[in-house]
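Peer 1: Sharing a structure with you now.
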Amino acid sequence: MTTVIRIKETDNVAVAVRDIAAGEQPLPGLTALDPIPQAHKIALTDIPAGGEIIRYGVVLGYAKDRIPAGSWINEHMLTLPQSPSVDDMPWGTNLVRTEDLPDPPRTTWMGYRNKTGPAGTRNLLGIVTTVQCAAGVLKAAAERIRAELLPKYPNVDGVVAVTHPYGCGVAIKAREAHIPIRAVANVIRHPNFGGEVMVVGLGCEKLTYDMVLPPEDITPDNVLTLQDYAGHDAMMEAILAMADRKLQKLNERVREELPLSELLIGMQCGGSDAFSGITANPSAGYAADMLVKGGATVLFSEVTEVRDGVHMLAARCTGPEVRDKLAAEMRWYDAYLDAGGVDRDANPTPGNKKGGLANIVEKAMGSIAKSGTSPIVEVLSPAEKPTRHGLIFAATPASDIVCGPSQVASGIGLQVFMTGRGTPYGLDIAPVIKVCSRSEMKEHWFDMIDISAGAVATGEKTIADVGTEIFNFILDVAEGVKQPYSDQYGFHNDMCIFNPAPIT
Ligand code: CA
């Protein structure tokens, strides 16, 4: 069985597939000088002080002191390289041809067609608040809708109360306020809500209906203001009556056979470890390539986790305008972090480091793998909707619970989530499929992780095997044939939309 994995010939480190004891010989002529924890790096050669530490063929950092061959390399032993410049990045120098992408085993799926935009993967009544102040009422109303109304409408999959933290007590005219406002506006039109608009406001908030709805949608059929009602009973009755009318319409929706071009999905990773970039993310990337070849649209995100590999992404951009927007999103985020007095290396978590990821460069190289190899046809600002089909970089924070809602606002029908350390993360608007990077993770959370890519590390499965498994599971979940564990248990995170603007 494989003991260590070296990705590129030029790498001077390898990753331990399992815990290695001091004195063991993981490779001929290489003796471990220290115990090497699973997923951590072992030096393959003597590395002088100041020498490059190379994994994925990329310089992760520079050795602070001399590192003898066989040593354990932890995050304290290397310094971070300079962040690459985003000025004048060459674009289009690595465009993989569509015919060279792997063929998808299925080219159609059963989904809920919408008048415009991508199709739904679920048929949900979505009720969106314009302000957090209305959240308590809406959550209580949603419980009653589920208990009293939903059983009458068997074709409707569920009721979602979208209770985000935005709407009032915020600087609504701040430079960046358009980001959370766009997120609220776009989530109202989420493909899984079938075009049925239901918005609940309080009445005195800053985020008014005209900021999130076109004039023709601001009608008594679609919007409801709590302060207009005389007390609890009248308020609840009004919400339930509106919900009942929407449910009647939603109940008429049926799935139909659709091309993959009507499918929009997102990719994210979280709680990553050093295996994420070897097993789970490349497998998800393989599934992404199959989807793109079939005409689907795939979003990947997490700015701080692509920042150190941004040149690789620019090389995959199909035009200078795509490259320019990629650079603009990177500059915006650099300034955003700088204003907070940090840089991109604020990203790795204690769990990432325990999982063998020394710094953000190493994390980024693994993270980018989930985008597969397809050309990047568009770059989106946070919560923007795509206008093209294919692989798209959607700029979002890397934070799991913020990236998810941001991609949801962009309209994803489901998200594929790769994890090394494990997280129960899920979303109520779009199903989340969990893919883990290590077999031990799947054994530990056997009934919470949907797919394990761990067998790639041990050589029992290939990236193509697991990638095809992920592709098929994506389509099964999109069609409602399968429910990922997060939906089976109702493990759903809150709608934490990204608000980089001041709160007053
Ligand atoms: Ca994340």
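Peer 1: How would you rank 333, 489, going from fewest to most other Cβ atoms within 10 Å of each one's own Cβ?
Peer 2: The order, fewest Cβ neighbours first, is 489, 333.
Peer 1: Suppose we keep just the DSSP beta bridges with both residues in the chain; what percent of those would be antiparallel, to 5?
Peer 2: Of those bridges, close to 40 percent are antiparallel.
Peer 1: Run the quick spin-label model on residue 462 and residue 59: label points 7 Å from Cα toward the beta carbon, then report their separation in nm to one decimal.
Peer 2: In this crude label model, residue 462 to residue 59 measures out at 3.5 nm.
Peer 1: Equivalent-ellipsoid semi-axes (√(5λ), Cα gyration tensor) for the chain, whole Å, largest first?
Peer 2: The equivalent ellipsoid of the chain has semi-axes of 42, 24, 21 Å.
Peer 1: Taking every pair of alpha-carbon atoms in the range 126-177, give the share separated by more than 15 Å as a whole percent.
Peer 2: 54
Peer 1: Follow-up. How big is the gap, in Å, between the Cα center of the range 240-317 and the Cα center of the range 411-455?
Peer 2: 14
Peer 1: Show which lysines lie in cross-link reach of residue 325 when reach means a straight Cα distance below 18 angstrom and same-chain residues fewer than eight apart are skipped.
Peer 2: By straight Cα distance, residue 325 reaches 385.
Peer 1: So, one more: Using a basic spin-label model with each label point 7 Å from the Cα along Cα→Cβ, how many nm lie between residue 66 and residue 21?
Peer 2: Placing both labels 7 Å beyond Cα along the Cβ direction yields 2.9 nm.
Peer 1: For the modelled label position 7 Å from the Cα of residue 87 along Cα-to-Cβ, which residues of the range 304-321 have backbone nitrogen atoms closer than 17 Å?
Peer 2: 311
Peer 1: Another question, then. Quick one: helix 231-250 against the long Cα principal axis of the chain, what's the angle to the nearest 10°, folded into 0 to 90?
Peer 2: The angle comes out near 70 degrees.
Peer 1: With the Cα gyration tensor of the range 28-112 in hand, convert its eigenvalues to equivalent ellipsoid semi-axes via √(5λ) and list them largest first in whole Å.
Peer 2: 38, 22, 13
Peer 1: Per q in 0.09, 0.10, 0.14, 0.20 Å⁻¹, report the Debye log10 I(q)/I(0) for the range 183-313, using one uniform scatterer on each alpha carbon and no solvent.
Peer 2: Debye intensities relative to I(0), on a log10 scale: -0.48, -0.58, -0.87, -1.15.
Peer 1: Please give the helix 280-293 orientation as an angle from the longest Cα principal axis of the chain, in degrees from 0 to 90, rounded to the nearest 10.
Peer 2: Taking the Cα atoms of the chain, the angle to 280-293 is about 60 degrees.
Peer 1: In the neighborhood of residue 348, defined by Cβ-to-Cβ distances under 9 Å, what is the net charge if each Lys or Arg adds +1 and each Asp or Glu adds -1?
Peer 2: Once positives and negatives cancel, what remains is -1.
Peer 1: Can you give the angle from 0 to 90° between the axis of helix 135-144 and the longest principal axis of the chain, with both taken from C-alpha atoms, to the nearest 10?
Peer 2: 70
Peer 1: May I ask for the net charge around residue 298, where only other residues with Cβ less than 15 Å from the Cβ of residue 298 are counted and Lys, Arg are +1 while Asp, Glu are -1?
Peer 2: +1
Peer 1: List the relative contact order of the range 33-159 as a percent without decimals, with contacts defined as Cα pairs under 8 Å and 6+ residues apart.
Peer 2: Averaging sequence separation for qualifying contacts and normalising by length gives 16 percent for the range 33-159.
Peer 1: Count the net charge of all other residues whose Cβ sits under 12 Å from the Cβ of residue 67, scoring Lys and Arg as +1 and Asp and Glu as -1.
Peer 2: Neighbour charge sum, excluding residue 67 itself: -1.
Peer 1: Taking only C-alpha pairs under 8 Å that are 6+ residues apart, what is the relative contact order of the chain in percent?
Peer 2: 19
Peer 1: Further question: Treating cross-link reach as a plain straight distance, find the lysines whose alpha-carbon is under 22 Å from the alpha-carbon of residue 434, omitting any fewer than eight places away in the same chain.
Peer 2: 353, 354, 363, 370, 442, 461, 482
Peer 1: Something else about it: Counting only GluC sites (Glu not before Pro) that are in a DSSP loop and have at most 14 other C-beta atoms within 10 Å, tell me the longest site-free stretch of the chain.
Peer 2: 10-251
Peer 1: Which residues among the range 474-504 fall inside the zone where the amide N is under 14 Å from a point 7 Å beyond the Cα of residue 210, along Cα→Cβ?
Peer 2: none
Peer 1: Please arrange 471, 300 by how many other C-beta atoms lie within 10 Å of their C-beta, fewest to most.
Peer 2: 471, 300
Quick note: the coordinates plus some simple rules give every number you see, no bench work behind them. None of these values were measured; they are calculated from a predicted model. Every residue, glycine as well, gets a Cβ built from its backbone with ideal geometry; the counts of neighbours run over all protein chains shown.
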